Amino acid sequence: MGSMILRQTLRLDHLSKSFGSHRVLNDVSMEFHPGVIHALLGANGAGKSTLGWLLAGRFDKYMGNIFFDGNPVKLTSRGNSIKLGIHIVTQEPALAPNLSIAANLFLGVEQGSYWHSSFRTDQSLLDSARTCLAEFDLRLNPSASISELTLEQKQAVDLLRAYMRKPSFLVVDEPPLNTEDSAYSILDRVAEKLCANGTHLLLITHQVSKALRMADTVTVIRDGHIVATKPTKESSEADVINLMFPSIVSAATERIGEDQLQEASATTNLEMVLKSSLSVHSRSLTLRNGCVTGLRTKPSLLASKILRSLVKVDNLFDIFLEFDERRFSPKSPKEALQEGVYYLSADRELEASFPNLSVRDNLTFYLLNGLAVFGIVKRGFQYAIAKKLAMQVGIDQRRLDDSLRDLSGGNQQRTLLARVSGANPKVCLLDEPNRGVDVSSLPKIKNMIRALAKAGCWVVVSSTDDVFLEGVSDQILDLDFRPTAQSSNPGET
């Protein structure tokens, strides 16, 4: 935690922000001090991310005033915020996927401890990147492409990219997932170094335990209003959760009993056979129709690799599906879709959604061919179907024309699950479906996943959160690849 003497303060004075008639932030006043970690906690849709993006200069209009070191500033563009040293790191890494780790780390950097001249050779760039990675014990090859990395590795690179810009104020919107594969927390180490240099650090999250462990001060926001700000040493997890969810209702999910599992085993099963350099023998996994199958691996990140390999987004595993003596191994994601195999990536921003398109377009994406006449989409039909899907999953129908990016993480995830459900999939592969979802929304996500299985879909879920995985799954398949797990990370040296 930060221990700097307070020098300059960033102060928000009665800030408000609306999208159309929807008021997202309402009369928000806060103070941030150098060297102090400030956690902003709230449910999905409370206004947390909107406040973070407002500070990062994403919105050209807002009401209220912002003062830095007592002087009024306008954060109405990304350029204005960057000039003040305000940077943001989100749960969807803002990296150039086709460039190397080294190129991404130095993209746009013109000064700092790792930048010694305006001209750099490829080798010096790699050497400087290697030095930075080593400082944080990241065993990654700086020449590896970003597209080769796991989501967790991309998040680590994105944090280092922000660190190298020596920000005066860093917003971290939803910290990276913690898994057994991480012997350290990259966020903890970046935060420690930045706070020692007097950086303001705003941690936006709904993970109460992580916030109380890391932060010096905690603020709870609910429905766009600040409801409490206090030192973390005076805050308990129970108190904070009560402030976040004063009327929380736990919706229990219906589990399948052992008799039903045995019945499913005797009727319609789907075999998933996988081979890889990580295992001497091929492995056959039985997926039971009407059941949610959890996939858990050691190392844990390999579960995601298996799902990605099945639809040929990744090629670490050679996988085919077998049902009624028919074998199917898609050669591309498009071919997988044509066979009714739908994959929902953990990386919502780059792979799972169209963040700049409307909620309506995202909900109906898989159905557009059926809504078009001579290539022209019937907007009336599209809106009617989007409205029905939104109603089924509890999305505010007034926000159908809003950009998906403007929704909270939980509402984005529900939108994407509704999109998959509306396409009537045969096989549904869900990678970290609980990512960015708060505790009040998790029961809804679980029920949506169960509804897919009840509709006759083979559902496979991977998650690094064992509590969620065990809570949503009817059966869990455990695979251990640890003897040769080092070869599983293409970005490692």
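The values are calculated or read from the model by the stated rules, or taken from the named source; none is laboratory data. Keep in mind the model is a prediction, meaning the values are calculated, not measured. Here the Cβ positions follow ideal geometry from the backbone for every residue, glycine too, while neighbour counts run over all protein chains shown.
Here are some notes:
- Test: L404 is out of contact with any helix residue (DSSP H, G or I) (no Cβ under 6 Å at 6 or more places or on another chain), aliphatic (A, V, I, L, M) and not assigned by TED's automatic domain parsing to the domain that holds H22: no
- Only listed residue being surrounded by fewer than 19 Cβ atoms within 10 Å (Cβ to Cβ), at pLDDT 80 or above and not assigned by TED's automatic domain parsing to the domain that holds I221, chosen from E322, E263: E322
- Any chance I449 is on the phi < 0 side of the Ramachandran plot, modelled with pLDDT of 90 or more and surrounded by fewer than 18 Cβ atoms within 10 Å (Cβ to Cβ): no
- Complete set of residues in segment 288-315 that are over 17 Å from E152 (Cα atoms), in a loop (DSSP other than H, G, I, E, B) and either charged (D, E, K, R) or in contact (Cβ under 8 Å) with a residue 12 or more places away in the chain (or both): N289, G290, C291, V311, K312
- Taken over segment 118-159, the residue count meeting the criterion of being β-branched (V, I, T) and under 19 Å from D314 (Cα atoms) is 2.
- Within segment 72-105, tally of residues that are surrounded by fewer than 16 Cβ atoms within 10 Å (Cβ to Cβ), over 21 Å from K17 (Cα atoms) and free of Cβ contacts under 8 Å to residues at least 40 places away in the same chain: 1
- When segment 206-223 is filtered for residues that are buried (at least 24 other Cβ atoms within 10 Å of the Cβ) and either modelled with pLDDT under 85 or outside the structural domain of L170 (by TED's automatic domain parsing) (or both), only H206 remains.
- In the set (1) modelled with pLDDT under 85; (2) within 20 Å of D347 (Cα to Cα); (3) surrounded by fewer than 22 Cβ atoms within 10 Å (Cβ to Cβ), the condition left unmet by Q486 is number (2).
- Scanning segment 13-32 for any residue that is free of Cβ contacts under 8 Å to residues at least 60 places away in the same chain and over 28 Å from the mean Cα position of the chain (by Cα) turns up at least one such residue.
- Every condition in (1) of a type in the set (A, V, I, L, M); (2) under 30 Å from T464 (Cβ atoms); (3) surrounded by 16 or more Cβ atoms within 10 Å (Cβ to Cβ) holds for I385 except the one numbered (2).
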